[in-house]
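A quick write-up on the structure given underneath.
The values are calculated or read from the model by the stated rules, or taken from the named source; none is laboratory data. From a predicted model like this one, the values you see are computed outputs, not experimental measurements. Here the Cβ positions follow ideal geometry from the backbone for every residue, glycine too, while neighbour counts run over all protein chains shown.
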Amino acid sequence: MKYWLVKQEPDSYSWGDFVADGSTTWTGVRNFQARNNLRAMKRGDDVLFYASVSSKCVMGIAKVSREAFPDPTAADGDWSAVELTAGRPLKSPVTLEKIKASTALQDMLLVRHSRLSVMPVTKEHFDVIVELGGGA
């Protein structure tokens, strides 16, 4: 099993929208590194849902329910999408400020390469974030 983090602007698609829908097709990724990360996701992998821009916090945990397939929103190019199923919220969102303040998370990709919208997360980093959020 691998662990991931996906970022979404809450004004476009919030954690609440995701939970209400139950699952979603994660489309619209137009960065090659993020696309390759989507392609590396496997069914059953855990995913942290990060609300970007205004909130800047990890809200909850999702699961990969369908592995990479051609992105139906792509008019051209070789882009991929995955299906994610909403899981459980963290008891309390974990802000980017908390993540940056944690010595255990200093080398996390979110801290070092903050603009990437889909990124791998180590099991250790995943566990620390869930612990900082009071569990799920």
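Tabulated data
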| item | result |
| --- | --- |
| Region 10-21 residues that are at pLDDT 95 or above, paired with ones that are assigned to a loop (DSSP other than H, G, I, E, B) and of a type outside the set (A, V, I, L, M, F, W, C) (beta carbon under 6 Å, 6 or more apart) | none |
| From the options LEU48, LEU38, residue that is buried (at least 16 other Cβ atoms within 10 Å of the Cβ), part of a helix (DSSP H, G or I), in contact (Cβ under 8 Å) with a residue 12 or more places away in the chain and within 11 Å of the chain's Cα centre (by Cα) | LEU38 |
| Residues of region 4-20 satisfying the condition of being in contact with a strand residue (DSSP E or B) (Cβ under 7 Å, 6 or more places away or on another chain), over 15 Å from LYS56 (Cβ atoms) and surrounded by fewer than 20 Cβ atoms within 10 Å (Cβ to Cβ) | VAL19 |
| Some residue of region 123-134 being on the phi > 0 side of the Ramachandran plot and surrounded by fewer than 20 Cβ atoms within 10 Å (Cβ to Cβ) | yes |
| Near pairs, Cβ below 6 angstrom, 6+ apart or cross-chain, from region 105-129 (under 17 Å from THR95 (Cβ atoms)) to any residue that is part of a loop (DSSP other than H, G, I, E, B) and modelled with pLDDT of 95 or more | HIS125/MET108 |
| Residue in region 59-72 that is without any contact (Cβ under 8 Å) to a residue 12 or more places away in the chain and either within 13 Å of the chain's Cα centre (by Cα) or not in a helix (DSSP H, G or I) (or both) present | yes |
| Flag if GLY77 is surrounded by fewer than 16 Cβ atoms within 10 Å (Cβ to Cβ), of a type outside the set (Phe, Trp, Tyr) and assigned to a helix (DSSP H, G or I) | no |
| Residue in region 93-108 that is β-branched (Val, Ile, Thr), surrounded by 12 or more Cβ atoms within 10 Å (Cβ to Cβ) and under 19 Å from ASP45 (Cα atoms) present | no |
| Extreme residue, surrounded by the fewest Cβ atoms within 10 Å (Cβ to Cβ), among residues of region 21-34 that are under 13 Å from the mean Cα position of the chain (by Cα) and outside any strand (DSSP E or B) | THR27 |
